[in-house]
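The values are calculated or read from the model by the stated rules, or taken from the named source; none is laboratory data. Please read all numbers here as calculations on a predicted model, not as lab measurements. Glycine gets a Cβ as well: all are built from the backbone with ideal geometry, and neighbour counts include every protein chain shown. Heavy atoms of the whole protein, side chains included, go into the accessibility calculation; ligands, DNA and RNA do not. Shrake-Rupley method; radii C 1.70, N 1.55, O 1.52, S 1.80 Å.
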Amino acid sequence: MTTAPNQNRLTIAILALGGQGGGVLADWIQEVARAEGWMAQGTSVPGVAQRTGSTVYYVELAKPDGSGRLPVMAQMPMPGDVDVVVASELMETGRALLRGFSTAHRTTLVGSTHRIYAIGEKQAMGDGRGNGEKIIEAAHQRSKRFVGFDMEAATERSGSVISAIMFGALAGSGALPFPTETFRKAIEHSGIAVKSNLNGFQEGFDQAQAPVAMPVEDVHEVPVPTTVRGRELAARITAALPVPAHVNALHGVARLMDYQDGDYAALYLDRLETVAALDAAPFEMTAETARHLALWMGYEDTIRVADLKTRGSRIARVRGEVKAQDDQILSITEFMHPRLQEVCETLPAGIGRKILGSNRMTDLLGRFFTQGRHVETTGLRWFLALRALAKMRGMRPRSLRYVEEQERIEGWLELVRSQAPLDLGVALELVKCQRLIKGYGDTFERGLANYERIVAEHRRSPRGAGEIRRLRDLALADDKSVAFVEALAG
Amino acid sequence: MAERSFKKEVTKLTAGEGETFTGEGILAVTKALLQSGVAYVGGYQGSPISHLMDVFADANDLLESLGVHFEASASEATAAAMLAASVNYPLRGAVAWKSVVGTNVASDALSNVASGGVTGGALIIVGEDYGEGSSIMQERTHAFAMKSQMWLIDPRPNLPSIVDSVEQAFRLSEASNTPVMLQLRVRSCHMTGSFVAKDNVRPPLTVGEAAAHPVRDTDRIVLPPANFLHEVEKIEKRWPAGIAYVRDNKLNEWFGPEETGEGIGLIVQGGLYNNLNRAMELIGLADAYGESKLPIYCMNVAYPVIPEEVAEFCRNKKAVLILEEGQPEFIEHELNTLVRRAGLDTRIVGKDTMPRSGEYTAEVIRKGLAKFLADHAPALAPELEAANPLPAPVAKEIPQRPAGFCTGCPERPIFTAMKLVERELGPTHVSADIGCHLFSILPPFNIGNTTMGYGLGAAGASAFKPKEGEGSKRSIAIMGDGGFWHNGLTSGIGNAVFNKDDGVTIIIDNGYSAATGGQDILSSRADNKNRVTRNLITKAVRGVGAKWVRETTRTYDVPKMRDMLREALTTPEKGPKVIVAQSECMLNLQRRDKKVKAAALKAGERVVRERFGVDADTCTGDHSCIRLSGCPSLTIKPNPDPLRQDPVAHVENSCVGCGLCGEVSHAAVLCPSFYRAHIVANPGKLERFKAKISGAIIARWQASAERERVARAF
């Protein structure tokens, strides 16, 4: 419902998460209003926000009519009766819409476009993230003016806090009839972190003048070959594969050359081409096989992990991520838990099988691999040990894990190829089932088992594409596979 | 050390006559108490009253200088019993707690103090948290006021009205020898505003002076025959006196014209007045200053109801709408009775038009009022626009944000360990308690079957006796240190010892009453100049006879926690098993630590910082780690890998390096993606030299590996 605004009153709702300073922002706004001769009242429900929940702070400003009477102020925002909404995160912007605080033709909506994921989104076994684009679209429709930008990035840039950014954006939006100088004075009066807060204020103020902007996303550049072998394989992709599969195939080849060598990447293309031969426009099956085959062939073994953990680029990346300054000493400790299983998988297939097949041997050796290890990769001892392990790359094709994985891959491709002539949709869904196989240890075993169950079930009694997709989604629904097992039984 | 400091704000409490006081509701109430000459103050923390307790604590010096005694009571029952000081002596006293739950705890003492009555003004400030932020949202303090015959004030939500109510409450209490409850709604506690102050008043009689000259009056004690007298006295003396005071001093208010052509009127609880006015303003029946076009009777005193005032208001009216939040609709029932008794024909409209449950927001009132007008004064009825909710496909993208443990919370690893034990031994019945640890009920832990009240975790498991022999399963009870001292020692541990219980109780000792804002309690490790701390929980537990008692002083050690828990669940030893899991509340620790580190950094001293991280290139996006943690710092981000689609785990800069992530990846055999970064600022000379040497060697190796990789690269 929309109500006509009261010219002498401004209502402001602030939606923020715990620790984002929504209360500080509410106080600043009130101070600005009082300094300009307005009356101000703020309310909130404390206690909930500080433990990761979201809270609404509400501020009401009233211009005295000169009679000395006190206006009757409300204690919470009323849907349809809010002039300004400030939200500290994209889904909180969405929540303001959900609660009806922002209305077309009336509300100035100042909202961040960055995400702080909720636990429900984070704990999903696959991708549980909400769709932000729908929120942005609704924000435009349901506000008089939408000021949206990545406030977290703005906070980083200005070395400030998000409440200062929001305060600046509010001032910059021009929704309140107060001079910018008064806003700045409110920060100065508080006497806390004045300099950085003023920086943040300015950043927010400037961003409010710009068009709505989403957080900058990483773009994946398509790999360009740098070696003879690389160019050769790239040419093969162009010649032999349909265009929709090119990007994934280029990434796949680049990855597998890094993972093993050119021959392994060539094997990848050999396999991929057998699938492409059975595909038709729009060639989604080939494109997805290019993705999932590369991921499967580049399975994570101890050799790969040791290599990735000891690269020079990785230490530099960590330095940036943890914000260690140049004159500070950084040491990095890994939490590794290689079990006898993983060790044997790295050994040549014959030896590995023998050990794992013997109870006496697993008992004897297993004792050395029950503890997790703190591996300091910035220390010489562990660094050299891991480098030595990474060097075993050359021996990889003889390892037990390699043999097992290639068997599984071949089995999968065989199934896909046998289904493709019958139903491309089914084949595509089977390709995508590779997504279930990921992780290490128990996680890997659970994923693999779920994958094998779907395949076995399909072999026993063929399922349609929709059914396979549903089973795959259910396998990702919970980590005890409760819903999945029920669906298979039913 | 409480989470929020009011040290700066409490300086305002010295404001004198005529000064304008601007601040929050809780400060205004404190100021009103001082203006009323209160002699003693007590209470128990709990939203929305926690901060009032923090204000009292931070104002301790001022209170002492005025001769006011302040106590942080052990429980609401303790606080209520403290009102005994006003029974025989003309001492004004105030106690505060969260209602309705706190009033439940206090009700034994409240019955007694209400039975005998008081000489000095006795005020109970209840933080009524009906609705949002409430724990038991459907119950009302109103019921306690009625059954114990105490008066309930529900003032209009603006600071001058609230301050005035506090002062009137003491006078009303003294005039009617009855304790008075002041209902402070949740939003009013932190509502900012202004009022004109008066001078603070020293209590005419202090608690010390009273104790020096004891007075005894057996008629005030709940023992026969006096208790029979109390009943009669309540009805024949105190009730009429209360009604007379409220009526004569016009504690209730009237707005708008006395009558309208339509013959309608509105009766509203004081606390809802502002919402009503906003609703009326938006349909053109009032202005922003409360100039109403309809007659309004505003009940700032919710109990007792004043029969003459009701009869007067309802006379010549066809229909009156009563806006009464919560149910049962006590006021509506009473209005109906009073209207009948007065021989009037007025129709009382209430819950048949207004919703039976939920908060009466301005929006809800607007809708209800529109319906009332349509039925009884169609000429005034507004046309309400149809609602325009966010379409479901968009709405479903907005995730819930359930409360959870803070970054680095020491309680989190306890539940991680519980999940790991659950994988081995299967699920057990878990009796949860009230406190931060209750967040275990929510994702990602999903641990806990019931919660029966504060400190009642162990008591809530007392009926579950494991069967003998094969397949026997012990239940697990959780209790926080706050709940333990509130009553858990006796209701839980003592009870379990006495009844030969065989269950497991985990007492989570984070050093504070953390959920309510970090107030000190008996076992706090902090030094508090006004309180005695450092009383060990293990000592208390052993003191009541528990034999199997284990303690860990680092909850982040997940394997140890897990092993201890497994032992407790499987040991052949009979009797209650008590685990005291200690680690300081991270919020409080950080608040202290940050300052110290910042100062050391500034001074150029060696400072170590630790935090965790995830290597995106080895993370495969299964998020097992998140399901075993739920730390706000451990989140997800888009996968930087062009081929992978599921988001990867990611540690944000807010990480405090508590160590749980590493422990979890070890204990649960997760992926090797986690790393711990140890960052030394202002390192020593030797340290720098060593790092330089090993760094140089490592760099050479890396360079050679890099050359090799480039050679075989794409």
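Can you tell me how many residues within region B:410-438 are at positive phi and either open to solvent by less than 10 Å² (accessible area, probe 1.4 Å) or within 30 Å of the chain's Cα centre (by Cα) (or both)? Walk me through how you get there before you give the answer.
Residues of region B:410-438 that are at positive phi, as a first pass: B:426, B:435.
This time we only want the ones that are either open to solvent by less than 10 Å² (accessible area, probe 1.4 Å) or within 30 Å of the chain's Cα centre (by Cα) (or both), so: B:435.
Residues in region B:410-438 being at positive phi and either open to solvent by less than 10 Å² (accessible area, probe 1.4 Å) or within 30 Å of the chain's Cα centre (by Cα) (or both): 1 in total.
Within region A:429-465, the set of residues being over 30 Å from B:Pro672 (Cα atoms), assigned to a helix (DSSP H, G or I) and open to solvent by 20 Å² or more (accessible area, probe 1.4 Å) comprises A:Ala456, A:Glu457, A:Arg459, A:Arg460, A:Ala465.
Looking only at region A:351-361, decide whether some residue is facing another protein chain (nearest Cβ under 10 Å) and without any contact (Cβ under 8 Å) to a residue 40 or more places away in the chain. Please lay out each step first, then the result.
In the first step, residues of region A:351-361 are kept if they are facing another protein chain (nearest Cβ under 10 Å); the result is none.
There is no residue in region A:351-361 that is facing another protein chain (nearest Cβ under 10 Å) and without any contact (Cβ under 8 Å) to a residue 40 or more places away in the chain.
Residues satisfying the criterion are absent from region A:321-340 (criterion: assigned to a helix (DSSP H, G or I), more than 10 Å from chain B (Cβ to nearest Cβ) and either in contact with a strand residue (DSSP E or B) (Cβ under 9 Å, 6 or more places away or on another chain) or open to solvent by 30 Å² or more (accessible area, probe 1.4 Å) (or both)). Residues that are open to solvent by 30 Å² or more (accessible area, probe 1.4 Å) and of a type in the set (A, V, I, L, M, F, W, C) within region B:86-102 comprise just one, B:Val101. Screening A:Asn248, A:Asn199 for residues that are in contact with a helix residue (DSSP H, G or I) (Cβ under 6 Å, 6 or more places away or on another chain), open to solvent by 50 Å² or more (accessible area, probe 1.4 Å) and part of a helix (DSSP H, G or I) leaves exactly one candidate, A:Asn199. Scanning region B:627-653 for residues that are assigned to a loop (DSSP other than H, G, I, E, B), more than 8 Å from every other protein chain (Cβ to nearest Cβ) and open to solvent by 10 Å² or more (accessible area, probe 1.4 Å) yields B:Cys631, B:Asn639, B:Asp641, B:Glu652. For region B:277-381, the strands (runs of 3 or more DSSP E) that sit wholly inside it and include 2 or more residues that are within 30 Å of B:Asp164 (Cα to Cα) and open to solvent by less than 10 Å² (accessible area, probe 1.4 Å) are B:296-299, B:301-303, B:319-323. Candidates in region A:114-137 are the residues that are open to solvent by 30 Å² or more (accessible area, probe 1.4 Å) and in contact (Cβ under 8 Å) with a residue 24 or more places away in the chain; of these, the one that is nearest to B:Pro391 (Cα to Cα) is A:Arg115.
Has region B:695-711 got at least one residue that is at the interface with another protein chain (Cβ under 7 Å from one of its Cβ atoms), among the hydroxyl-bearing types (Ser, Thr, Tyr) and out of contact with any Phe, Trp or Tyr (no Cβ under 6 Å at 6 or more places or on another chain)? Within region B:695-711, not a single residue is at the interface with another protein chain (Cβ under 7 Å from one of its Cβ atoms), among the hydroxyl-bearing types (Ser, Thr, Tyr) and out of contact with any Phe, Trp or Tyr (no Cβ under 6 Å at 6 or more places or on another chain).
Is it the case that A:Phe383 is among the hydrophobic types (A, V, I, L, M, F, W, C), buried (at least 20 other Cβ atoms within 10 Å of the Cβ) and not assigned by TED's automatic domain parsing to the domain that holds A:Gly439? Against the criterion (among the hydrophobic types (A, V, I, L, M, F, W, C), buried (at least 20 other Cβ atoms within 10 Å of the Cβ) and not assigned by TED's automatic domain parsing to the domain that holds A:Gly439), A:Phe383 qualifies.
On the basis of being surrounded by 13 or more Cβ atoms within 10 Å (Cβ to Cβ), under 20 Å from B:Leu643 (Cα atoms), at pLDDT 95 or above and out of contact with any strand residue (DSSP E or B) (no Cβ under 7 Å at 6 or more places or on another chain), does A:Ala240 make the cut?
Numbers: surrounded by 13 or more Cβ atoms within 10 Å (Cβ to Cβ): yes; under 20 Å from B:Leu643 (Cα atoms): no; at pLDDT 95 or above: yes; out of contact with any strand residue (DSSP E or B) (no Cβ under 7 Å at 6 or more places or on another chain): yes.
No: the conditions fail for A:Ala240.
Looking at B:Ser65, B:Ser5, just one residue is over 13 Å from B:Trp97 (Cα atoms), surrounded by fewer than 23 Cβ atoms within 10 Å (Cβ to Cβ) and within 14 Å of chain A (Cβ to nearest Cβ), and that residue is B:Ser5. If only residues of region A:270-289 that are over 30 Å from the mean Cα position of the chain (by Cα) and either more than 15 Å from A:Leu424 (Cα to Cα) or β-branched (Val, Ile, Thr) (or both) are counted, the one that is farthest from the other protein chains (Cβ to nearest Cβ) is A:Thr274. How many of the residues making up region B:356-404 are farther than 14 Å from B:Ala279 by Cβ and not hydroxyl-bearing (Ser, Thr, Tyr)? Matching residues across region B:356-404 total 29. Filtering region A:276-314 to residues that are within 19 Å of A:Ala239 (Cβ to Cβ), open to solvent by 20 Å² or more (accessible area, probe 1.4 Å) and either of a type in the set (D, E, K, R) or touching a residue at least 12 places away in the same chain (Cβ under 8 Å) (or both) leaves A:Leu278, A:Asp279, A:Ala280, A:Ala281, A:Phe283.
In region B:46-62, what residues are within 14 Å of chain A (Cβ to nearest Cβ) and under 16 Å from B:Ile521 (Cα atoms)? Those that are within 14 Å of chain A (Cβ to nearest Cβ) and under 16 Å from B:Ile521 (Cα atoms): B:Gly46, B:Ser50, B:His51, B:Met53, B:Asp54.
The listed residues are A:Arg99, A:Arg69, A:Arg106, and the only one of them that is in contact (Cβ under 8 Å) with a residue 12 or more places away in the chain and open to solvent by 30 Å² or more (accessible area, probe 1.4 Å) turns out to be A:Arg99. Residue count for region B:601-644, restricted to those that are at pLDDT 95 or above, of a type in the set (Val, Ile, Thr) and within 22 Å of A:Lys432 (Cβ to Cβ): 1. Could you please let me know if B:Ala668 is facing another protein chain (nearest Cβ under 7 Å), more than 21 Å from B:Val607 (Cα to Cα) and open to solvent by less than 40 Å² (accessible area, probe 1.4 Å)? In short, no.
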